[in-house]
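A.B. asks: Could you have a look at this structure, given as structure tokens, before my questions?
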Amino acid sequence: MPRSNRPRNTGRDRDDDDGDLSFLLTEWLRTERKRDGEWKVQPVSAVRAVKSYVCPGCRLEVAPGVAHVVTWRADDMLGDAAALADRRHWHGHCWRIH
């Protein structure tokens, strides 16, 4: 029987990340140092970008289907949960020049 190249259902809906933030900790997560402290930076591919956000850098829309980054403070005084709750979605260019 020929092999199927279709991805198997993992039992998890990848489009609904509001309830499960574990994806933030697994896919290319990195730490960057900026003038205002250390930040966790998570790239979001165009395929995974399914919602609209406002970029804090330029105040323009990060539209669905546009690759971007999600950032949150790595050194938040209130802890990791508070930092994750305060995460922001940036255009890649806006984040680089921030």
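A.B. asks: Of the numbered conditions (1) at pLDDT below 95; (2) in contact with a Ser or Thr (Cβ under 7 Å, 6 or more places away or on another chain), Trp90 fails exactly one; give the number of that condition.
C.D. replies: Unmet for Trp90, out of (1) at pLDDT below 95; (2) in contact with a Ser or Thr (Cβ under 7 Å, 6 or more places away or on another chain): (1).
A.B. asks: Using the structure shown, decide if Arg30 is touching a strand residue (DSSP E or B) at 6+ places or on another chain (Cβ under 7 Å) and not aliphatic (A, V, I, L, M).
C.D. replies: Spelling it out, Arg30 is indeed touching a strand residue (DSSP E or B) at 6+ places or on another chain (Cβ under 7 Å) and not aliphatic (A, V, I, L, M).
The values are calculated or read from the model by the stated rules, or taken from the named source; none is laboratory data. These numbers were taken from a predicted model, which means no experiment stands behind them. We place every Cβ from the backbone using ideal geometry, glycine too, and count neighbours over all the protein chains shown.
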